[in-house]
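*Asks:* Quick one: this structure, given as structure tokens, is what I'll be asking you about.
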Amino acid sequence: MFSKSKINDPAPKQDTAAKPAIPEKPDTSRSDSPSTEFKATAPKAKPPASVLSSDLHVTGNLKTTGDIQVEGTVEGDIRAHLLTIGEGATIKGEVIADDVVINGRIVGRVRGLKVRLTSTARVEGDIIHKTIAIESGAHFEGSVQRQDDPLNSKPKNQQHGGGQQNPQGQHKPQQVQESAKG
């Protein structure tokens, strides 16, 4: 009624090589034969970082759950797991990543769990972070704000994507007061 499984028995391999007319069903149950069933359950290796070379100019937004290394120019927002900005790279837009390493130039907001500005970094914009490191020699113009969840929550004082951190900045209150009088 029950027979010994042929999965661990090395002898049938020689017989199957000699007899090619064996049905495919026993072959697909063997662990040494390729099968999409086993490939789907096997852990996938992490893919390498996507590299945007120094001669590449991208206009548009980039979004990935993986890693990106930018050496060229990007005009648009970037969202990634790990984002590395090369020394010659320029980003004009918002950057959102779990881990951000800035060696080049960013004009726009930076949001990340871990943000690191190296000595060659040039950032013009606000940085919203959980942890931050700024090396000596880095250039930074903007505000720094710590949040427990900088990736998903918006800053309390900012309402429309970019603007003054203080909602009562120098220009807006004058316009509101003038319109209220007239």
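The values are calculated or read from the model by the stated rules, or taken from the named source; none is laboratory data. Note that the structure is predicted; figures quoted are calculated from it, not measured. With ideal geometry, Cβ positions are generated from the backbone for all residues, glycine too; neighbour counts draw on all protein chains shown. Areas reflect the complete protein model, heavy atoms only, side chains present, ligands, DNA and RNA absent. Shrake-Rupley method; radii C 1.70, N 1.55, O 1.52, S 1.80 Å.
*Asks:* Sort through Ile96, Ile91 and tell me the only one that's crowded, with 16+ Cβ neighbours inside 10 Å, among the β-branched types (Val, Ile, Thr) and over 12 Å from the mean Cα position of the chain (by Cα).
*Replies:* Details: Ile96 fails: over 12 Å from the mean Cα position of the chain (by Cα).
Every option except Ile91 fails the conditions.
*Asks:* Next question. Before we move on, is Lys4 modelled with pLDDT under 95, open to solvent by 100 Å² or more (accessible area, probe 1.4 Å), in a loop (DSSP other than H, G, I, E, B) and touching a strand residue (DSSP E or B) at 6+ places or on another chain (Cβ under 9 Å)? Please lay out each step first, then the result.
*Replies:* Numbers: modelled with pLDDT under 95: yes; open to solvent by 100 Å² or more (accessible area, probe 1.4 Å): yes; in a loop (DSSP other than H, G, I, E, B): yes; touching a strand residue (DSSP E or B) at 6+ places or on another chain (Cβ under 9 Å): no.
No.
Residue-wise test of (1) at pLDDT 95 or above; (2) charged (D, E, K, R); (3) part of a strand (DSSP E or B).
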{"position": "Ala80", "(1), (2), (3)": "yes, no, yes"}
{"position": "Thr84", "(1), (2), (3)": "yes, no, yes"}
{"position": "Glu87", "(1), (2), (3)": "yes, yes, no"}
{"position": "Asp98", "(1), (2), (3)": "yes, yes, yes"}
{"position": "Val123", "(1), (2), (3)": "yes, no, yes"}
{"position": "His129", "(1), (2), (3)": "yes, no, yes"}
{"position": "Gly137", "(1), (2), (3)": "yes, no, no"}
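*Asks:* Additional query: For Arg111, are the conditions met, namely being basic (Lys, Arg), open to solvent by less than 70 Å² (accessible area, probe 1.4 Å) and modelled with pLDDT of 95 or more?
*Replies:* yes
*Asks:* With the checklist (1) over 22 Å from Pro48 (Cβ atoms); (2) open to solvent by 70 Å² or more (accessible area, probe 1.4 Å); (3) within 16 Å of the chain's Cα centre (by Cα); (4) at pLDDT 95 or above in hand, flag the one item Gly76 doesn't pass.
*Replies:* Failed condition: (2).
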